[in-house]
Each structure stands twice: as C-alpha cells, then as structure tokens.
Amino acid sequence: MSQVETTPHEIEGRWKWPDWGRGPYDALSSVILGPPFEGCLEIDSEPWHLEVHYSKSEFAPRLSDRINVERLYEWDIVGRGRGEQKASYNIGPRFPNMRHWESGERLQLPWENQVGEVNGVDVEIHTSNIEPDRGLELLSKFFAAV
C-alpha cells in the first residue's frame with residue numbers, strides 16, 4: 001500500500017537568540033532605515049521575491065542606543081517563492097529592563113524568564129508550504145541578501 005507524501009501547510013513559532021546579542025537586529029537597523037527593501041534572489045535554483053519593511057514597536061530605546069526616536073523598530077522580512085511558498089519573519093530586539101515607549105513602565109516579556117537578562121533577538125516565524133527545517137535556512141539567506 002502506498003502512502004500520500006506529507007506537505008506542510010502553515011507553521012508558526014518563535015526563535016529566541018541570546019548568543020549574538022542584538023547584533024542581527026542592529027545590523028538590519030543600520031542598512032534598512034529609509035524606503036522598504038525589495039528584491040529578487042535565487043536559492044537552490046529557485047526564485048524568491050524578498051521584501052523588508054519595518055514598523056514601530058512598543059519598546060522604548062535604551063539611553064545607550066543613542067538614537068533620536070521614541071520607539072524602536074521591528075523588522076519584517078517576507079519571502080515568496082514558487083507557487084504558494086512563503087516565509088515571513090518579524091525580528092525584534094530584546095534586552096534587560098525593557099520599557100514601554102509611552103508609559104515608561106517596565107515590560108514583562110517571556111524573554112527574561114526563558115533566556116535571562118541578556119541582550120538578544122526575538123524572531124517570530126510564519127512559513128507556508130515549506131518544510132519545517134527550511135525556515136532557518138531561508139532566514140539566513142534572506143538576511144544575507146539584505
């Protein structure tokens with residue numbers, strides 16, 4: 001008897017990376033401020049359309065950020081491949097003693113309970129019609145393209 005091959009449809013999750021500090025977030029911040037990035041790239045002989053946008057977060061910058069804004073940004077990287085393949089990532093900063101941009105109140109995020117009081121990056125992932133283990137590979141290739 002033959003079996004039908006499985007195909008992933010929708011996957012959602014979060015990756016928490018304390019190992020690189022805020023390095024990946026700060027790298028995007030240094031190259032993307034301005035108009036959104038849009039382009040095409042090829043990954044394993046497959047064409048991908050890539051867009052990067054940013055939106056205002058609920059987080060106040062730290063004094064050490066030395067930026068003249070009241071709110072930090074979060075980065076949205078969206079890739080669309082052949083057919084219905086899609087991978088989107090929301091990349092946000094995490095650091096000890098995060099504060100709400102408007103009220104100044106300390107935010108209670110799962111970050112500190114899960115990884116400790118360290119700098120890092122929180123990534124929300126949504127993929128569609130992509131094998132589960134391919135999500136991290138695509139993020140690194142999208143990031144390199146930007």
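The values are calculated or read from the model by the stated rules, or taken from the named source; none is laboratory data. Owing to the predicted nature of the structure, the values given are computational and were not obtained by experimental measurement. Heads up, the Cβs are rebuilt from the backbone with ideal geometry, glycines too, and the neighbour counts pull from every protein chain shown.
Just a few scattered comments:
- Strands (runs of 3 or more DSSP E) fully within region 1-80 that include at least 1 residues being in contact (Cβ under 8 Å) with a residue 24 or more places away in the chain and touching a Cys at 6+ places or on another chain (Cβ under 7 Å): 46-56.
- Tyr89 vs. criteria under 27 Å from Val115 (Cα atoms), of a type in the set (Phe, Trp, Tyr), surrounded by 14 or more Cβ atoms within 10 Å (Cβ to Cβ) and without any contact (Cβ under 8 Å) to a residue 40 or more places away in the chain: no
- Residues (in a strand (DSSP E or B) and within 19 Å of Gly23 (Cα to Cα)) located in region 84-108: Tyr89, Asn90, Ile91, Gly92, Pro93, Arg94
- In this entry, Ser103 passes the filter for residues that are over 24 Å from Ser128 (Cα atoms) and modelled with pLDDT of 90 or more.
- The criterion of being at negative phi and modelled with pLDDT of 90 or more does not hold for Ile32.
Yes or no, residue by residue, for (1) buried (at least 16 other Cβ atoms within 10 Å of the Cβ); (2) more than 14 Å from the chain's Cα centre (by Cα); (3) closer than 15 Å to Tyr89 by Cβ; (4) not aliphatic (A, V, I, L, M):
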{"residue": "Asp19", "(1), (2), (3), (4)": "no, yes, no, yes"}
{"residue": "Arg22", "(1), (2), (3), (4)": "yes, no, no, yes"}
{"residue": "Leu28", "(1), (2), (3), (4)": "yes, no, yes, no"}
{"residue": "Ile32", "(1), (2), (3), (4)": "yes, no, yes, no"}
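- Region 109-128, residues that are in a helix (DSSP H, G or I) and touching a residue at least 60 places away in the same chain (Cβ under 8 Å): Trp111, Gln114, Val115
- Region 118-135, residues that are buried (at least 19 other Cβ atoms within 10 Å of the Cβ) and closer than 11 Å to His9 by Cβ: Thr127, Ile130
- Residues of region 58-75 that are touching a Phe, Trp or Tyr at 6+ places or on another chain (Cβ under 7 Å) and surrounded by 15 or more Cβ atoms within 10 Å (Cβ to Cβ): Glu58, Phe59, Ala60, Arg62, Arg71, Leu72, Tyr73, Glu74, Trp75.
- Check on Gly92, under 18 Å from the mean Cα position of the chain (by Cα), on the phi < 0 side of the Ramachandran plot and not aromatic (Phe, Trp, Tyr): yes
- Yes/no for Asp76 being under 15 Å from the mean Cα position of the chain (by Cα) and within 23 Å of Lys141 (Cβ to Cβ): yes
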